[in-house]
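Q: Okay, here's the structure, questions in a sec.
The values are calculated or read from the model by the stated rules, or taken from the named source; none is laboratory data. No experiment lies behind these values; they were computed from the predicted model shown. No Cβ is skipped: glycine too gets one built from the backbone with ideal geometry, and neighbour counts run over all protein chains shown.
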């Protein structure tokens with residue numbers, strides 16, 4: 001497989017993975033509140049999707065481009081969503097097939113909020129460790145936009161995630177009127193470590209879900 005190459009176009013910065021056998025689809029994949037696009041999970045996922053024929057852009061959100069460490073500010077969330085939209089537009093110029101948006105935790109939440117407001121931004125969502133609520137605060141659900149999601153969404157979550165249990169996730173995902181699928185990783189926490197799972201199977205599942 002070809003190595004990832006640095007990518008920069010306008011305000012979009014990250015790393016591009018080109019598949020040897022191009023299936024025509026593209027995935028914009030971004031990070032959580034404490035990470036960046038170099039996180040091991042994102043690198044491994046990008047490699048697995050490229051192996052499955054999907055062009056992948058691992059992308060640093062605007063808040064991470066502004067500073068190398070530290071969490072995002074709530075006041076900057078709209079700018080992060082605008083950055084995701086710009087990244088999706090860049091991907092559309094690179095591929096001729098469907099474009100998927102994906103993210104871990106905060107990045108995935110912003111992707112869902114963008115898709116709820118602008119359904120045409122992508123054809124499907126990939127959500128690693130969606131943060132349903134702050135740890136220990138199950139009443140503070142971050143799902144108010146779920147009924148407005150009209151594109152397929154694949155959720156990948158650990159059974160020991162303090163941001164949302166499997167049962168909580170199932171109840172929340174039931175609010176989404178579009179096709180959905182949940183993949184539960186036994187023993188994994190919010191970072192999905194200690195969980196063994198097949199990222200190639202995740203890639204195949206997203207492509208299949210998007211075609212429904």
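Q: For segment 73-92, enumerate the residues that are in a helix (DSSP H, G or I) and without any contact (Cβ under 8 Å) to a residue 24 or more places away in the chain.
A: 74, 75, 76, 78, 79, 82, 89
Q: Going by the structure shown, is residue 105 touching a helix residue (DSSP H, G or I) at 6+ places or on another chain (Cβ under 9 Å) and under 27 Å from residue 79 (Cα atoms)?
A: no
Q: Another one. When the residues of segment 1-32 are filtered to those that are surrounded by fewer than 13 Cβ atoms within 10 Å (Cβ to Cβ) and part of a loop (DSSP other than H, G, I, E, B), which remaining residue is modelled with the lowest pLDDT?
A: Taking the candidates together, the pick is 1.
Q: What helices (runs of 4 or more DSSP H), lying completely within segment 98-212, carry at least 3 residues that are under 21 Å from residue 88 (Cβ atoms), in contact (Cβ under 8 Å) with a residue 40 or more places away in the chain and touching a strand residue (DSSP E or B) at 6+ places or on another chain (Cβ under 9 Å)?
A: Fully inside segment 98-212 and qualifying: 106-117, 199-210.
Q: Out of segment 67-107, which residues are under 11 Å from residue 33 (Cβ atoms) and under 17 Å from the mean Cα position of the chain (by Cα)?
A: 72, 77, 80, 103, 104, 105, 106, 107
Q: Considering only segment 62-83, I want to know if a residue exists there that is touching a strand residue (DSSP E or B) at 6+ places or on another chain (Cβ under 7 Å), at pLDDT 95 or above, buried (at least 19 other Cβ atoms within 10 Å of the Cβ) and within 19 Å of residue 9 (Cα to Cα).
A: Within segment 62-83 (the criterion being touching a strand residue (DSSP E or B) at 6+ places or on another chain (Cβ under 7 Å), at pLDDT 95 or above, buried (at least 19 other Cβ atoms within 10 Å of the Cβ) and within 19 Å of residue 9 (Cα to Cα)), the answer is no, since none of the residues qualifies.
Q: With respect to residue 185, determine if the residue is closer than 15 Å to residue 125 by Cα and under 18 Å from the mean Cα position of the chain (by Cα).
A: Taking the combined requirement at face value, the residue does not satisfy it.
Q: Now, a different point. Which residue, of 97, 102, 136, 120, is closer than 22 Å to residue 18 by Cα and surrounded by fewer than 20 Cβ atoms within 10 Å (Cβ to Cβ)?
A: Selected residue: 97, the only one of 97, 102, 136, 120 that is closer than 22 Å to residue 18 by Cα and surrounded by fewer than 20 Cβ atoms within 10 Å (Cβ to Cβ).
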